[in-house]
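Engineer: First the structure, then my questions, so here it is.
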Amino acid sequence: MKRIVTLMLAIMMVLSMAAFAQAEEPIRIVCYTDTNANGFPADLESNYVYQQILDRTGVAFEVIYLDEYDVALNARIMGEEEWHMASMKSATNLVTYASQEMLLPLTDYADDLKVAYERYGYDTDIPSLYYDGVQYGIPAAKAISDYYYLILVREDINQKYNLTTPTTVPELYDYCKALKAIDVNEDGQDNTIPFTGWTKNNGFTAITAPFGVFLGNKVILDAEGKASNTLLAPRMKEALEWVRKFWADGLVDAEVFTGDSNVKANVVACNVGVAAMPWSNILKAKYVEQYKAVKPDAQYGWIGALTDGKGGDPVYAIAEYEKYTGAKFVINEACTEEEIEAIWKVLRYFCTDEGMMLVYQGQENVHWVYDENHEVALTSRNGEANFVHAYQILGRDDAVYLKGKFPEAKEAIAFGLATPKLIVYNGNVVCPEDYNLADLDAYVNEEMIKFIKGERALEEYDAFIKELYDAYDFQTWLDICEEQLQAQNIAK
Amino acid sequence: MSTTRDLAYSRLPLGERIKRTLLRWWPLYLMLIPGIVFFAVYKYAPMGGLVLAFKNFKIKKGIWGSPWVDPWYKYFQQFFKSPANRNIIANTISISLWKLFVGMFPSLIFALAVSECRKRGFARIVQTVSYLPHFLSWVVVYGVATAMLSVNRGVVNDVIKKLGGQAIPFLNSNEYFQGVIIGTDLWKGLGWGAITYLAAIMGIDTSLYEAATVDGCGRFRQIWHITLPGIRKIFVVLLILKVGTILDAGFNHVYVFLTDEVRSSGEIIDTWVYTQGIGKSNYSLATAVGLMKSVLSTTLVLATNALSRKWEASIW
């Protein structure tokens, strides 16, 4: 009897072990991202992107968005929380982590990277992916967010009051003056904001870019092709003079520096005349619906880049040099061989037609279909795919992505793409650890705001530049930029 | 008799004295253990991490494995060499001193007013309503401040504009920023700050007031001669505690209200450390500044305590 019981117990043990082996957990990969995606499913069960990746690759690929990314990521790393991949917000971040030997060198993974290069078509010689001659960053195809900016105007107001849209900065000034006298949202209150702009100083490029100026620390090439800085741009004072004039005459939103949500709230409330901002924040169908609910006859259209009024070329907004890629991901050096293989498995999946379209538009025949011309057409359930861009680890081809995703803004996107931009090169410069760029940027931003608001006299601009040299070692920063841009054969 | 026993006790060896004390008061010492453990684990043990201020910290190597920094004062020097430091220190002290002032005197006056209110029911309602803002987070307070003070949509500016005036950029101007910080601090903390004073006032012997009334003292005389001396000690204790936080200036509060526009009047040590130290993974710098702040705060507390001995109201 004892023998039978022992035998039965042994059989049960073997069977349960076999069952356990069969139910082996998939390899879990935790990937932190700074891409905020609306509508992210609350749990992994209902996250169909996660489920499809799991189904196709056998990898539990969890993408986790962190608010206040740099601080949150550091806190998690310090807290020794599990992580396998993380996005780097800037080249400086990559340097910080790579110098601490926390990142996996990608030297041995050239073949895996090649698959991604061929699929997404981007350059490999991007300096911001490297530290000390070793590649650590997985490049991402460059999103064309730089080209999102448009100068939006109220077409309904132009028509009603017979206003001519401006083509030069002086004309924009007169146009805004005319708007100031109009109650653009017709609520009977004196609350018209003639001009507002996105992301602090970016909005002002509608006024300053025609002068070759950005009101901040941006690396540019001068007329001779040498590395320079927008703060040293020859027409800086002229551009600042105009911005100050707009501000002094009450033509600019007094709370323009408060934040983008404030700008958007005003635009949706229809009390704005001109808004220099990304199309994506007002021309998407859902936002059109919002502002139409406030004022049904309101209509935002766009105008071309302005000129300086003195024969110069039209220019608007800034754009990073095309070789710079934005968001890119790195792999934790502490990953095991299995985990590294799992990561490449997922990335290779993103290089397939199915994987790429999954992170572009969601699931085929659920969130999108191919129409008779083999063009992507969205289904009524496409709203459920609002979050999928958080999985665009290898970036995206915006020309394909945006056309399918936002058909209502096709013309606006094409117009934004064609608008001439002020090209900057900050993405090509990796700031060394021992230079305090954050202090310099913070001071420049503070003082620029004072110049714009008239809290500091324009005559003090040269003194301000001298302060940068004396107190913030500006020359070192200029030298760093020059050296790196020359090494990349960008600057003379 | 008792003196003889004390004398005999004091002549015992130290070990014997400790043993006798523990045996005699063991229930109290037993109750003390959780407190000691708490402070040892959460307050004193983490102080070992202060060594980070002198190390070139590498996350992978950990605190103890990271190399020592050369020179040892590198991160202190980095803070003092930052061109922004003068402004940051000035802002921190200015905001802290104002917060200390408005955190103490208005609450004291409010507590006196509530305690003098004859209608107790009304006094209780006022007291309850006044300390409700204490439970709001600074994010919510910022929302309230925006609704009230925003140039475009604020109630206050709406009124000013309707009266024919120019909108005032309360939240976006260096001129007003510290005022807004102090004002919101006052609004949030007035009622809560008064609770301690009210408790102290309640503890004053009522017969003193009765005797003063018999002697012909009016309300103000009673406040001056009985109430204020009665709460003097608690006032000084609170002052000493607040002086210890003078280099803090309230990170959460300031950070929520801070924008590029008001950075020159609003950046304080903690917000700078947050962006420079934690945001840029420079933990050693953050620790160095934190250590410096702690040393200065402790010095200030000791100095204030020594000073307050003159009024016989020191903590120790």
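Engineer: Below 12 angstrom from the Cβ of residue A:402, what's the summed charge of the other residues (Lys, Arg +1; Asp, Glu -1)?
Structural biologist: My count for the surroundings of residue A:402 gives +1.
Engineer: Can you bin every Cα-Cα distance in region B:66-177 into 5 Å intervals starting at zero and give me the percent of pairs per bin, rounded to whole numbers?
Structural biologist: 2, 9, 9, 12, 13, 14, 13, 10, 7, 5, 3, 2, 1, 0
Engineer: Can you give the FRET efficiency to the nearest 0.05 for residue A:226 and residue A:28, using r as the Cβ-Cβ distance and R₀ = 60 Å?
Structural biologist: 0.75
Engineer: Now, a different point. So how many Lys-Lys pairs in region A:107-257 land under 26 Å Cα to Cα, not counting same-chain pairs under 8 apart?
Structural biologist: The result is 20.
Engineer: Same structure, new question: Take residue B:129, project a point 7 Å from its Cα along the Cβ direction, then tell me which residues of region B:164-195 have their backbone nitrogen under 14 Å from it.
Structural biologist: B:191
Engineer: What are the DSSP H helices in chain A that stretch 27 Å or more along their long axis, judged by alpha-carbon atoms, and whose average Kyte-Doolittle hydropathy comes to at least -1.0?
Structural biologist: A:2-22
Engineer: Please tell me the relative contact order of chain B in percent, rounded to the nearest whole number, where contacts are Cα pairs under 8 Å and at least six residues apart.
Structural biologist: Rounded, it is 24 percent for chain B.
Engineer: Kindly provide the helix-only [θ] at 222 nm of chain A, computed as the sum of -39,500 (n - 2.57) over DSSP H runs of four or more divided by all residues, to the nearest 500 deg cm²/dmol?
Structural biologist: -12000 deg cm²/dmol
Engineer: Now for a different question. Share of Cα-Cα pairs in region B:2-54 beyond 13 Å, in percent?
Structural biologist: 72 percent
Engineer: Here is a further query. Restricting to DSSP H runs of at least four residues, report the calculated mean residue ellipticity at 222 nm for chain B, -39500 (n - 2.57) per run over all residues, nearest 500 deg cm²/dmol.
Structural biologist: Here the helix-only value at 222 nm equals -20000 deg cm²/dmol.
Engineer: Still on this structure, please answer the following. Rounded to two decimals, what is Rg over Rh for region A:135-217 when you use alpha-carbon atoms and the Kirkwood radius?
Structural biologist: My calculation of the ratio gives 1.12.
Engineer: Over 24 Å, how big is the tail of the calculated P(r) for region B:145-252, in percent of all Cα pairs?
Structural biologist: Of all Cα-Cα pairs in region B:145-252, 52 percent lie more than 24 Å apart.
Engineer: In addition: Of the options A:246, A:215, A:233, report the single residue whose Cα projects farthest towards the positive end of the charge dipole of region A:207-262 (beta-carbon charges: Lys, Arg +1; Asp, Glu -1).
Structural biologist: A:233
Engineer: On to the next question. Where the only charges are on Cβ atoms (+1 Lys, Arg; -1 Asp, Glu), what is the dipole of the protein assembly as shown about its Cα centre, to the nearest 20 debye?
Structural biologist: For this selection, approximately 4380 debye.
Engineer: Going by amide H atoms built from the backbone, whose H comes under 5 Å of the H on residue A:318, apart from near neighbours?
Structural biologist: A:422
Engineer: How big, in percent, is the set of alpha carbon pairs in region A:285-398 lying more than 25 Å apart?
Structural biologist: 55 percent
Engineer: Relative contact order for region A:206-360 using alpha-carbon pairs under 8 Å, separation at least 6, rounded to a whole percent?
Structural biologist: 21 percent
Engineer: Using the Karplus equation 6.51 cos²θ - 1.76 cosθ + 1.60 (θ = phi - 60°), what ³J(HN,Hα) coupling, rounded to whole Hz, does each residue of region B:194-205 give in order, writing x for Gly and Pro?
Structural biologist: 6, 4, 4, 5, 4, 4, 5, 5, 4, x, 6, 4
Engineer: Still on this structure, please answer the following. Considering the Cα positions of region B:74-311, please state its Rg to one decimal place and its Dmax as a whole number of Å.
Structural biologist: In Å, with Rg to one decimal and Dmax whole: 21.3, 68.
Engineer: Now for a separate question. Can you list residues from other chains, or at least 5 along the same chain, whose modelled amide H is less than 5 Å from the amide H of residue A:221?
Structural biologist: Long-range HN contacts for residue A:221: A:228.
Engineer: Setting aside same-chain residues fewer than 8 positions from residue A:286, which aspartates and glutamates have a Cα under 12 Å from its Cα?
Structural biologist: A:408
Engineer: By the scheme Lys and Arg +1, Asp and Glu -1, what is the net charge of all other residues having a beta-carbon under 12 Å from that of residue A:369?
Structural biologist: With Lys, Arg at +1 and Asp, Glu at -1, the neighbours total -3.
Engineer: A further question follows. Sort largest first and round to whole Å: the equivalent ellipsoid semi-axes of region B:29-129, each the square root of five times a Cα gyration tensor eigenvalue.
Structural biologist: Largest first, region B:29-129 gives 45, 26, 10 Å.
Engineer: Within chain B, what's the longest run with no trypsin sites (Lys or Arg not before Pro) in a DSSP loop and at most 11 other beta-carbon atoms within 10 Å? Give the range, please.
Structural biologist: The segment B:120-316 is the longest one with no such site.
Engineer: Could you check which residue among B:93, B:234, B:160 shows the biggest mean-square fluctuation in a GNM of chain B with a 10 Å Cα cutoff?
Structural biologist: Highest fluctuation among the options: B:160.
Engineer: Applying the Karplus parametrisation 6.51 cos²θ - 1.76 cosθ + 1.60 with θ = phi - 60° to the phi angles of region B:303-309, what ³J(HN,Hα) value in whole Hz is obtained for each residue in order, glycine and proline being reported as x?
Structural biologist: For region B:303-309, the Karplus-derived couplings read 5, 5, 5, 4, 5, 6, 4 Hz, x marking Gly and Pro.
Engineer: A further question on this structure: Relative contact order, percent, of chain A when contacts are C-alpha pairs under 8 Å separated by at least 6 residues?
Structural biologist: Once normalised by length, the contact order is 23 percent.
Engineer: Could you give the dipole magnitude of region B:74-311 about its Cα centre, charging the beta-carbon of Lys and Arg +1 and that of Asp and Glu -1, in debye to the nearest 20?
Structural biologist: 220 debye
Engineer: Extension gain residue A:411-residue A:4, at 0.36 nm per residue separation less the Cα-Cα distance, in nm?
Structural biologist: Contour length minus the Cα-Cα distance gives 138.6 nm.
Engineer: Once you've got the GNM for chain B with C-alpha springs shorter than 10 Å, pick whichever of B:248, B:205, B:270 has the biggest mean-square fluctuation.
Structural biologist: Among B:248, B:205, B:270, the largest mean-square fluctuation in the Gaussian network model of chain B belongs to B:205.
Engineer: For the pair residue B:11 and residue A:476, what calculated FRET efficiency results from E = 1/(1 + (r/R0)^6), where r is the Cβ-Cβ distance and R0 = 60 Å, to the nearest 0.05?
Structural biologist: 0.25
Engineer: Return P(r) of chain A (all Cα-Cα pairs; 20 Å bins starting at 0; whole %; ordered from short to long distances).
Structural biologist: Histogramming chain A at 20 Å steps yields 20, 49, 25, 4, 2, 0 percent.
Engineer: In whole Hz and in residue order, list the ³J(HN,Hα) couplings for region A:217-228 that follow from phi through the Karplus curve 6.51 cos²θ - 1.76 cosθ + 1.60, θ = phi - 60°; x for Gly and Pro.
Structural biologist: Taking θ as phi minus 60°, the curve returns 8, 10, 7, 9, 9, 7, 4, 8, x, 8, 5, 8 Hz for region A:217-228.
Engineer: On a C-alpha basis, how far is the centre of region B:119-157 from the centre of region A:218-296 in Å? Whole number, if you could?
Structural biologist: Each part reduced to its Cα centre gives a spacing of 33 Å.
Since every read-out is calculated from the coordinates, none of them should be taken as a lab result. Since we're looking at a predicted model, the values are computed, not measured. Neighbour counts are summed over all protein chains in view; Cβ atoms, including those assigned to glycine, are modelled from backbone coordinates with ideal geometry.
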